[in-house]
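So the structure is just underneath, and the comments pick up after that.
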Amino acid sequence: ESIEFRRRTDLLFGLMDQYLKNDVFSIQKSIVDHVEYTVARSRFRFDDFEAYQATAHSARDRLLESWNDTQQFFKDRNPKRVYYFSMEFLMGRSLLNSLSNLGIKDQYAQALKQLGFDLEVLAEQEIDAALGNGGLGRLAACFLDSFATLDLPAWGYGLRYQYGLFRQNIKDGFQLEQPDFWLNFGNPWEVERVHVSYSVKFYGRVDEEMRNGRSVHKWIPGEMVEAVAYDNPIPGYHTSNTINLRLWAAKPSGGFDMEAFNTGDYVNAILNKQKAEAISSILYPDDRSYQGKELRLKQQYFFVSASLQDIVRRYKDSHSNFEEFSNKVALHLNDTHPAIAVAELMRMLIDEEWLEWKEAWNIVTRVFSLTNHTIISESFEKWPVELMESLLPRHLQIIYEINRVFLEEAKKKVGSDFGRLARLSIVEEGSVKTIRMGNLAIVACHSINAVSQMHANYIKSTLLKDFCSIWPHKFQSKTNGVTQRRWLAFGNPALGDVITKWLGTEAWIKDLDIVAGLRQHASNPQLHAEWNQARYQNKMRLAQHIYNISGIRVSVDAMFDAQVKRIHEYKRQFLNLLSIIHRYDCIKNMAADERKRVVPRVCIFGGKAPPGYEFAKKIVKLVHAIGEKVNNDPEVGDLLKVIFIPDYNVSVAELIIPACDLSQHISTPGSEASGTGNMKFAMNGCLILGTLDGSNIEIRDEIGQENMFTFGVVVDDVPRLRTEHRNFQPPREFQRVLGMIRDGIFGFKDYFNALCDAVDGETGDYYLLGRDFLAYLEAQASVDTAFVDKEKWTEMSILSTAGSGKFSSDRAIREYAEQIWRVEPCKRPV
Ligand code: 73E
């Protein structure tokens, strides 16, 4: 046998080329081979899309080599690993990102050029992977990039939705949602692992029996679904590590429910099985209010159960008991969406691995940690007990037991303060009895982190106050970050080159703190010239896109002012719109020579409204209605343009962010947990107009108050101002612009009443637009003044980039790794 084995190994070594070669000729050959043998087109006749597919497959070959070797290396070294559980990963496009991370983009560009193709054009053929709603999902994607780049032994786990976030079409200014069929043309970036699959159980009943003097629970499921793994390689930058994002797809399970087949209803039995696939079919659009949909809980349990089975199996490959589990595994919950994992791991350890309750709980409380992303209490998921009992009967028993033990312990700390105990309890006794997933996660996790300093302080004194008083050590703050690779180095190469030149090194791509070195050149006229030249190119590119989608020509000399993000009341796009109306009104009432002093602006909006959220949808329409009026007013001309860029997603963001002069982050203080768009803009030298909310505060501390525009009420005053709204008389300017909307100046007279009522009606102006209006107009005026002084503005822009070092996701992930997960780099040698 050993001779046989050696012969075979020799043969295999002989068959394997070393690694795929990365010279231009080898790359060309691999692309053209993929045209013939993967895409199945003639090498003499293929179009841009086919060229993209072949190029992607060629890149994927190189990713897989690195992926395989990295995973083998992790296996041999067996370090502690971290698993990042998230319902969302908003990855965007992969081609340029992969080639750039692998360090072979230039060779690919050249190889394609000789074949008559432009790499940048081919890259546009790729459909975004939009398996996320916004900040939370994009954060997970940035974190994967940092995991790989920092050589951490980490994996992401999530769901392979067949439909990502809906596409936004605009018809007559209204948002129409279209399904996102992103997999229709195949996905070259994933590998289906047909053999990596696990059964996931649902429904049924729990039998209890005595075995060896111990009561044993047996869950007899009523439905079983297979989870099949799809692996997505994630390359790091300037490292040979490539990590994995494993996404699960639901498939009908084979062996189960044979009876249905035997009853003769063959066709219906098959149709029923097909329903299984619905579990991973669609991403729920986030409207921040808990919906209680059974399918969502099914999705959560489905991916959590498959992931934990996979992780336990991997652990058991090299361990015979669970003593080392918490030294080898860290499990991170990206918000409470995967919190059912707590009960599932308890169930596996007790019912399947025969651990005692205490041993199991000891493990669970050492491995789990949680990030809380939100302040809005309506977004906390609570599942009706009745639903849990039917879908996950054994988990409900376990949750009750966790709660019983927890409340007993809590009583020792808070005495018989029953109000407090009721707030701490995992079970909410309302008209509908529910399970609070947030409380379940907090009880089990050893660390709960907020996503900015302000968010940490805020939740400790409000939402999580009761928990904080009994377990202060559990709560911490990890300010978000974004990857400077996608968002600056690759997405804005023109500015990236200037940065590299003036720093004399590319090292900032891996260590963003280095950009602070730009400060010493911030007033150098030569840098100013190069800086503005790069930014000008980006503005031209965006202006072209605006023209393509709207037929509107915007002046690149105007200030590009963007507010791009999901549309929500708390983000206050309406405040921005009201100030635009005010600006329009002022321009209209000016004498001709006065108009010469107006600073021309292009106001850019982008973002999706949650499909069921009327308020947000009206905002989309109002942007269009104002644009229609203003953009066609000859008296206004280039002084003001209002543009809505449809279908905002990662790749649209990559186009907008490098091209803007100003970006707005103007949520009511105490409502945006962090925000990450602000970091991307600041990195790209775009100035920020913002409130003292979320991470704006830390950005201000880093880049300096004098290089940013802040305004508005402070968080500590918000509760009082809300209660005092009855005594508050909104300013005249505010009333006037609302009046213009109500009078139908922008058409659709009654349609917008609900927006106006929300800020001046009986309900009170909850998000305090009226309170902040004058301060906001003042801040806008100082923006205009600053823009006129080109030298000053450019210096502020350079200082914004220079101050953004802290907002790299590398910094964030290093903090998580050291302070929460206690995992260390595991770098594969070249
Ligand atoms: O402030 C952002 C934050 O920057 C926050 O609103 C967002 O997470 C970002 C990253 O930390 C967020 N998304 C969700 N909750 N907070 C959410 C809630 C329900 C479904 C989907 C996403």
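The values are calculated or read from the model by the stated rules, or taken from the named source; none is laboratory data. Note that this is a predicted model, so its numbers are computed, not measured. When we count neighbours, we look across all protein chains shown, and the Cβ atoms used for this are built from the backbone with ideal geometry, even at glycine. Note: accessible area is taken over every heavy atom of the protein model, side chains too, but ligands, DNA and RNA are not part of it. Shrake-Rupley method; radii C 1.70, N 1.55, O 1.52, S 1.80 Å.
For segment 360-369, the criterion of being open to solvent by less than 30 Å² (accessible area, probe 1.4 Å), in the same structural domain as residue 219 (by TED's automatic domain parsing) and either within 16 Å of the ligand (Cβ to nearest atom) or closer than 15 Å to residue 292 by Cα (or both) is met by at least one residue.
Answer yes if at least one residue in segment 7-18 is under 24 Å from residue 95 (Cα atoms) and hydroxyl-bearing (Ser, Thr, Tyr), and no otherwise. No. Has segment 616-632 got at least one residue that is touching a strand residue (DSSP E or B) at 6+ places or on another chain (Cβ under 6 Å), under 24 Å from residue 537 (Cβ atoms) and of a type in the set (Lys, Arg)? Checked segment 616-632: no residue is touching a strand residue (DSSP E or B) at 6+ places or on another chain (Cβ under 6 Å), under 24 Å from residue 537 (Cβ atoms) and of a type in the set (Lys, Arg).
Scan segment 752-784 residue by residue and report those that are free of Cβ contacts under 8 Å to residues at least 24 places away in the same chain and open to solvent by 10 Å² or more (accessible area, probe 1.4 Å).
Once the filter is applied, which keeps residues that are free of Cβ contacts under 8 Å to residues at least 24 places away in the same chain and open to solvent by 10 Å² or more (accessible area, probe 1.4 Å), segment 752-784 yields 753, 757, 761, 762, 763, 781.
Every residue in segment 35-55 that is outside any loop (DSSP other than H, G, I, E, B), open to solvent by 30 Å² or more (accessible area, probe 1.4 Å) and over 18 Å from residue 120 (Cα atoms), please. Those that are outside any loop (DSSP other than H, G, I, E, B), open to solvent by 30 Å² or more (accessible area, probe 1.4 Å) and over 18 Å from residue 120 (Cα atoms): 36, 37.
What single numbered condition from (1) over 30 Å from residue 822 (Cβ atoms); (2) at pLDDT 95 or above; (3) surrounded by 13 or more Cβ atoms within 10 Å (Cβ to Cβ) fails to hold for residue 81? The number of the failed condition is (1). Taken over segment 125-156, residues that are part of a loop (DSSP other than H, G, I, E, B) and either in contact (Cβ under 8 Å) with a residue 60 or more places away in the chain or within 11 Å of the ligand (Cβ to nearest atom) (or both) amount to 10.
How about segment 479-500: which of its residues are part of a loop (DSSP other than H, G, I, E, B) and either within 16 Å of the ligand (Cβ to nearest atom) or aliphatic (A, V, I, L, M) (or both)? Break it down stepwise before answering.
Just the residues of segment 479-500 that are part of a loop (DSSP other than H, G, I, E, B), to begin with: 479-481, 483, 491-492.
Of everything in segment 479-500, those that are part of a loop (DSSP other than H, G, I, E, B) and either within 16 Å of the ligand (Cβ to nearest atom) or aliphatic (A, V, I, L, M) (or both) turn out to be 479, 480, 481, 483.
Here residue 628 clears all of (1) in a helix (DSSP H, G or I); (2) open to solvent by less than 10 Å² (accessible area, probe 1.4 Å); (3) in contact (Cβ under 8 Å) with a residue 24 or more places away in the chain except the condition numbered (2).
Which count do you get for residues in segment 100-154 that are of a type outside the set (Gly, Ala, Ser) and within 15 Å of the chain's Cα centre (by Cα)?
In the first step, residues of segment 100-154 are kept if they are of a type outside the set (Gly, Ala, Ser); the result is 101-102, 104-108, 110, 112-115, 117-122, 124-128, 131, 133, 136, 138-139, 142-145, 147, 149-153.
If we keep only those that are within 15 Å of the chain's Cα centre (by Cα) as well, we get 128, 131, 133, 136, 138-139, 142-145.
Adding up the residues that qualify gives 10.
The criterion of at least 1 residues that are in the same structural domain as residue 294 (by TED's automatic domain parsing) and away from the ligand (no atom under 16 Å from the Cβ) is met by the following strands (runs of 3 or more DSSP E) wholly inside segment 382-465: 382-384, 427-429, 433-436.
Residues of segment 724-742 include none that is more than 16 Å from the ligand (Cβ to nearest atom), surrounded by fewer than 18 Cβ atoms within 10 Å (Cβ to Cβ), closer than 30 Å to residue 490 by Cβ and not β-branched (Val, Ile, Thr). Taking segment 409-434 as the range and being within 23 Å of residue 340 (Cβ to Cβ) and open to solvent by 60 Å² or more (accessible area, probe 1.4 Å) as the test, the residues that pass are 409, 423, 429, 432, 433.
The residue that is farthest from residue 668 (Cα to Cα), among those in segment 329-361 that are of a type outside the set (A, V, I, L, M) and in contact with a Ser or Thr (Cβ under 8 Å, 6 or more places away or on another chain), is 344.
Determine, yes or no, whether residue 714 is β-branched (Val, Ile, Thr), open to solvent by 10 Å² or more (accessible area, probe 1.4 Å) and more than 16 Å from the ligand (Cβ to nearest atom). Here the answer is yes, as residue 714 does meet what is asked.
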